[in-house]
Amino acid sequence: MIITIPWLKEHLKTSAKENEIIDRLTNIGLEVEGVTENSTELGKFKIAKVLKTEKHPNADKLKVCDVSIGGKEILKVVCGAQNAREGLITIYAPPGSVIPKTNFELKVAKIRGIESRGMLCSESELNLSDESKGIIELRNKEKDIGKSYFKSSPQKVIDISITPNRADCLGVRGIARDLSSTGVGKLIQIKRKKIKQNIKHQIKTSIKKEKNQGCDIFGSCYIKNITNRESPEWLKNKLIALGLKPISAVVDITNYVMFDLNRPLHAYDADKINKEIIVRNAKEGEMFEALDNKKYKLKKDMCVISDKSGVLGLGGIIGGITTSTELGTKNILLEAAHFRPSSIRKTARALNINTDAKYRFERGIDPESIKEGLELATELILKICGGEASKFQITGKNSQKKKVINFKKEKFEKLIGISITANEIDKILSSLGFKCKKSTKDIKVEVPSWRPDISLDEDLIEELIRIKGFNNIKLIEPIKNRTQDTLNFKQKLFHLAQRSLASKGYMEIVTWSFTDSKIDKQFSKGEKEISIFNPISSDLDVLRRSIFSNLAIYIKKNQDRGYDDLSLFEIGPTFSGKNPGEQQIVVGGLKSGKINRKSWLDKERNVDIFDIKGDVMTTLVELGIEEKNLFVNDNTKYCYHPGRSGSVTLKSEKGPHLAYFGEIHPAITKSLDCKDKNIFGFEIFLKNIPEPNKKLRQSKISFQPSDYQKSERDFAFVIDKIFKIGILENIIREVDEKLIQNVSTFDVYEGENIPKDKKSVAINVTLQAFDKTLTENDLDEISKKIIDAVSKKTGATIRS
Amino acid sequence: MSDLDKINSIFNAKIDSVKTKEDLQNIKTEFFGKNGQITLQFKSLGSLDHEKRKEFASNLNKIKEDLTQQLDKKNIEIETKEINEKLKNEKVDVTLPIRPSRQGKIHPVSQVIDEISSIFSEIGFSVAEGPDVESEYNNFTALNTPEEHPARDMHDTFYLEENKKLLLRTHTSPVQIRTMMSGKPPFKIIVPGRTYRCDSDQTHAPMFHQLEGLHIDKGITMGHLKGCLDYFIKEFFEVKNVKMRFRPSHFPFTEPSAEVDIGFKIEKGKIIIGEGDKWLEVLGCGMVHPNVLKNVKIDTKKYQGFAFGMGIDRLAMLKYGINDLRAFFEADYRWLSHFGFDPLDVPTNYRGLSK
């Protein structure tokens, strides 16, 4: 909502300075978003004549125009508008002026090699309308060439952001009323002159009784024998200051009343109405051409104003071409109606129309403002255009009930924390238009018809504290006392997993929860796609089923930027269905490139599966699972290389699935067109990480180091090639869990001297007893046990 | 001159010329070897009479000790020299680079969530969460958002179906509903999380992060709300005083509602939070609307409280001078390296929120 201070002062008697008014507005919830001085800027736009046009030598669609602004000087201006032609009178913006629409400051610039001094403007560039097709065409302005187009005297224009509940502040008077309650001034009571209403209303009006009728009241005035003309300067300036384009006195007056009293009106050329006005629901498929020059196909239940021939307008939204007023219009029908917000909203949304009237009606217009609106508009029309007016004809009635709230002042203190007196309540609410009646128990508060937003005690409390001022609320320091855990186990895991991976060289990324279905499909074969009905773009059309979908997109983007050695991870939701809760938190990581790239110290090598396995295993250990409980197997899924990937489960193959790891399937890296296709990834499923049932302090057993010498023995087994070394190591560990402290494989060999279907595995075993130093005999004995167990369970032989 | 004196002087004459381990061995053999001069003197002891032997033995032992000491000293001297000689040839260029490694970082959003959690933890809030996909009821209806509210438009909200029953939550407020539905008051929670709106330009992203706060108990007033936010803003921006303004506003789920602005100024191109005469909107808040409490079956005669919501990404931008929201979600390695946080910088109350 835009207002000017002089206009405000027509409703508010105040000696307050502009700054004070601006501060007050913001403090009572009418947030001032910007204050601009319109005259200095707008004064720069001059009425100008195009003397000559030539085709731009370097561009087909551009013209080089010779422009005159009255003096001898001829300005060369490059212009792209089709309608730029010799003799046209239009508006010229000189270098240094700021285009209202774009806030772009013009400079002398070369356009395709030709210097252009300023530009010729379209209506949209000057915020006069949405018309952007060509430059403005002015008629009968030959004598005004060189003058400023905007003639308004210097005034501050205040842009106020009105919250959706405050429909009443979409007019200057409503804002003045709110301000008056703060004591910054007094609301001026307006005495209207009695207007002569002698002639007969010529047009029958009716509201059809039907289901979902969107119109409650239809008020109108018939005015005949007017001379519609250009509005007087004071009226034009008022509208221009708000960024509106003056059209004709009749239209300008209806707009003026809308901005002044928040009372939308519409004027019909009465001679173009076929017999009578019927407010009814549209028929399915009925066509209508609106004042925005667009044709609309209507749906049933849309509220229309019609005559015997068809639709004249969409009630409360936009008028129609067929009955629009023109400068030659003689007789008019002035409409002031009340439409239901829900009906307006539905229709405007379905047809995608936004107008000042619609904006107001959908928030709720005072149903009791019809008469006042008609009075003010009729008075102005008679004054400016002459003519004779009829009595007002008002059909239908106000369906809103009077609201009365029995308010207890203690409730204010209970919610806000400070007290308020009954007098203060009376003063504030009365100035806002509420009627207060004090009794011993409470205050009966009658809500004014323009405040549909007020119905509860809390609503009144908000009114009171908003005017009294939030700064009067005494701050209560919070008590530093923690009575509940801040994070639960899963939240701690989330936090820990982030830090754990970042400490392993992974960069944390945060990406959308949605992704490109074409990529998501590759990582989530077989599961049902979860589409977004109204995606923001076609490559963000599904909820991600895999944490890899976006990671893969971004690893590629980084590779394309020239970064090859990448470790990225994201922790966040992946989705398994479209219902709330069908999601889980996954930690996903991708690693690509080389280790020791271009190092003078070590040989460079590709990242491999044991890098990624190492990251997964240490992360899981850091997340609280003992290493011995991490069971690794080669169960995998399609998005990984089938031979170079595996799973980690808890304790056994059947245990909860903790993670996948491995090389990303070459078919996927190929289809993504990754520059470096050597990409490894992992997924850790946080929901499967068990919460320990004991706290660390309870689960730590006492520490017992052995004081005796430890010994090591190496074994080389020849074993079936397909036998898993992880299982072999476990078999050895289980031989004597007390003595065997560590088992580790240090060589795997296939080839010469080893049968084709076998491999040789060299394993180092660390042995230590708690009660003595192991003798040669003891060591031989345990070695024998190991060899026997291994050969019995695996068929392996000791390599000789 | 006695024999011993003679030996001593010969030794002294020779020891100075000892330069290498080999020389040392030679001189050792000469005096202490099988037929060494000292060894021979010891052998001669037997031939002396008792009186003389005692005195001679004493002198001999003294000289033996003295010479041994000198030899040891010489040995250390030679070894030190040899080590130094060796080290002279072992000099590396320490300015050569180390093995390449990858540096991991924590995303600014995660870091700021941890900072916020740490601050609210101090005054007894705990962290609650909810799903990203929500029902229309939890996201709008239960939060007193009217049926025709523009936020429900397809222009504003991502829906999973045409019937608008399921959506991507547009704020973290539905977690208020979930929390209050599944428990009994009092409630004191913060809810950081992903939120979604159909909006995408330089300053809007279709996904962003929000922090919701909710405190419901007996006798919680707007004074508590003010105190809580004043505490939070000061702690978060790590300033002692902060200029703060509560401005009346409107949200369907709170009544009264307010927006909170904080003072700031720009000094040498850097934003200074807390002072100055410009205002910056940072959050929305208010007393929970009685309709919301009724929807979750809370006795509004007994319980009341406040709620607030703020943009986490925006807070991160303000605190750490990040000027492009969209960059948060573009995973540019260079941006992450620049704005990311070391994983060891865990925000804590005792060590401070940030370095």
Region A:558-579, subset in contact (Cβ under 8 Å) with a residue 24 or more places away in the chain, of a type outside the set (S, T, N, Q) and assigned to a loop (DSSP other than H, G, I, E, B), residue farthest from the other protein chains (Cβ to nearest Cβ): A:Asp564
Selected residue [assigned to a helix (DSSP H, G or I), buried (at least 20 other Cβ atoms within 10 Å of the Cβ) and modelled with pLDDT of 95 or more] from B:His224, B:His215: B:His224
Any strands (runs of 3 or more DSSP E) falling wholly within region A:696-783 and containing at least 1 residues that are polar (S, T, N, Q) and buried (at least 17 other Cβ atoms within 10 Å of the Cβ): A:711-720, A:758-767
Output for region A:521-546, where each listed residue is small (Gly, Ala, Ser) and surrounded by fewer than 24 Cβ atoms within 10 Å (Cβ to Cβ): A:Gly526, A:Ser531, A:Ser537, A:Ser538
Matching residues, region A:414-462, being of a type in the set (Val, Ile, Thr) and surrounded by fewer than 16 Cβ atoms within 10 Å (Cβ to Cβ): A:Ile418, A:Thr421, A:Thr440
Residue in region A:599-607 that is basic (Lys, Arg), in a strand (DSSP E or B) and either over 23 Å from the mean Cα position of the chain (by Cα) or farther than 24 Å from A:His665 by Cβ (or both) present: yes
Within region A:310-396, strands (runs of 3 or more DSSP E) holding 1 or more residues that are under 37 Å from the mean Cα position of the chain (by Cα): A:311-314, A:332-339
Test: residue in region A:237-246 that is among the charged types (D, E, K, R), under 30 Å from A:Leu138 (Cα atoms), buried (at least 16 other Cβ atoms within 10 Å of the Cβ) and under 33 Å from the mean Cα position of the chain (by Cα): yes
Residue check, A:Ile223 modelled with pLDDT of 95 or more and under 27 Å from A:Ala270 (Cβ atoms): yes
Evaluation of A:Ser132 against (1) touching a residue at least 12 places away in the same chain (Cβ under 8 Å); (2) polar (S, T, N, Q); (3) out of contact with any Gly (no Cβ under 6 Å at 6 or more places or on another chain); (4) under 26 Å from A:Ile3 (Cα atoms) (one fails), failing number: (1)
Residues located in region A:463-476, provided they are at the interface with chain B (Cβ under 7 Å from one of its Cβ atoms) and surrounded by 19 or more Cβ atoms within 10 Å (Cβ to Cβ): A:Ile465, A:Arg466, A:Phe470, A:Ile473
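Given the structure, is B:Leu96 assigned to a loop (DSSP other than H, G, I, E, B), out of contact with any Gly (no Cβ under 7 Å at 6 or more places or on another chain), at negative phi and not acidic (Asp, Glu)?
Taking the combined requirement at face value, the residue satisfies it.
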Residues within region A:354-386 that are within 14 Å of another protein chain (Cβ to nearest Cβ) and not basic (Lys, Arg), tallied: 5
Residue, farthest from B:Phe208 (Cα to Cα), within region B:136-162, restricted to residues that are of a type in the set (Phe, Trp, Tyr) and within 9 Å of another protein chain (Cβ to nearest Cβ): B:Tyr159
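Scan A:Lys403, A:Lys437 and give me the residue that is closer than 30 Å to A:Lys474 by Cα, among the charged types (D, E, K, R) and modelled with pLDDT under 95.
None of the others qualify; the one that does is A:Lys437.
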Residue list for region B:227-254, filter: part of a strand (DSSP E or B) and of a type in the set (Lys, Arg): B:Arg245, B:Arg247
Qualifying residues in region B:14-23 (those that are assigned to a helix (DSSP H, G or I) and farther than 12 Å from B:Leu67 by Cα) - the one nearest to the chain's Cα centre (by Cα): B:Lys21
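Here's the yes/no breakdown for (1) surrounded by 19 or more Cβ atoms within 10 Å (Cβ to Cβ); (2) at negative phi; (3) charged (D, E, K, R); (4) at the interface with another protein chain (Cβ under 9 Å from one of its Cβ atoms):
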| site | (1), (2), (3), (4) |
| --- | --- |
| A:Pro478 | yes, yes, no, yes |
| A:Arg482 | no, yes, yes, yes |
| A:Thr486 | no, yes, no, yes |
| A:Ile509 | yes, yes, no, yes |
| A:Phe514 | yes, yes, no, yes |
| A:Ile519 | yes, yes, no, no |
Exclusive hit being under 21 Å from B:Lys74 (Cα atoms) and part of a helix (DSSP H, G or I), set B:Ser44, B:Ser9, B:Ser58: B:Ser9
A:Ser161, sole failed condition from (1) surrounded by fewer than 21 Cβ atoms within 10 Å (Cβ to Cβ); (2) in the same structural domain as A:Ile89 (by TED's automatic domain parsing): (2)
Lone unmet requirement of (1) within 12 Å of chain A (Cβ to nearest Cβ); (2) touching a strand residue (DSSP E or B) at 6+ places or on another chain (Cβ under 9 Å) for B:Met180: (1)
Residue selected from region B:301-340 under the condition in contact (Cβ under 8 Å) with a residue 24 or more places away in the chain and at the interface with chain A (Cβ under 8 Å from one of its Cβ atoms), by the criterion farthest from B:Ala258 (Cα to Cα): B:Ser337
Count of residues meeting criterion [touching a strand residue (DSSP E or B) at 6+ places or on another chain (Cβ under 7 Å), without any contact (Cβ under 8 Å) to a residue 40 or more places away in the chain and surrounded by fewer than 20 Cβ atoms within 10 Å (Cβ to Cβ)] in region A:657-678: 2
Residues being more than 7 Å from every other protein chain (Cβ to nearest Cβ) and either in contact with a Ser or Thr (Cβ under 9 Å, 6 or more places away or on another chain) or not in a helix (DSSP H, G or I) (or both) - total across region B:99-113: 1
Evaluation of B:Gly223 against (1) touching a residue at least 24 places away in the same chain (Cβ under 8 Å); (2) within 11 Å of chain A (Cβ to nearest Cβ); (3) not hydrophobic (A, V, I, L, M, F, W, C) (one fails), failing number: (1)
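Would you pick out the residues in region A:662-688 that are part of a helix (DSSP H, G or I) and under 35 Å from the mean Cα position of the chain (by Cα)?
A:Ile668, A:Thr669, A:Ser671, A:Leu686, A:Lys687, A:Asn688
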Which listed residue is modelled with pLDDT under 85 and among the hydroxyl-bearing types (Ser, Thr, Tyr), from A:Thr102, A:Thr90, A:Thr163: A:Thr102
Some residue of region B:66-82 being surrounded by fewer than 12 Cβ atoms within 10 Å (Cβ to Cβ), outside any helix (DSSP H, G or I), of a type outside the set (Lys, Arg) and at negative phi: no
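The values are calculated or read from the model by the stated rules, or taken from the named source; none is laboratory data. Everything numeric here is computed off the predicted structure, so don't read it as measured data. Don't worry about glycine lacking a Cβ; one is built from the backbone with ideal geometry, like all the others, and counts go over all protein chains shown.
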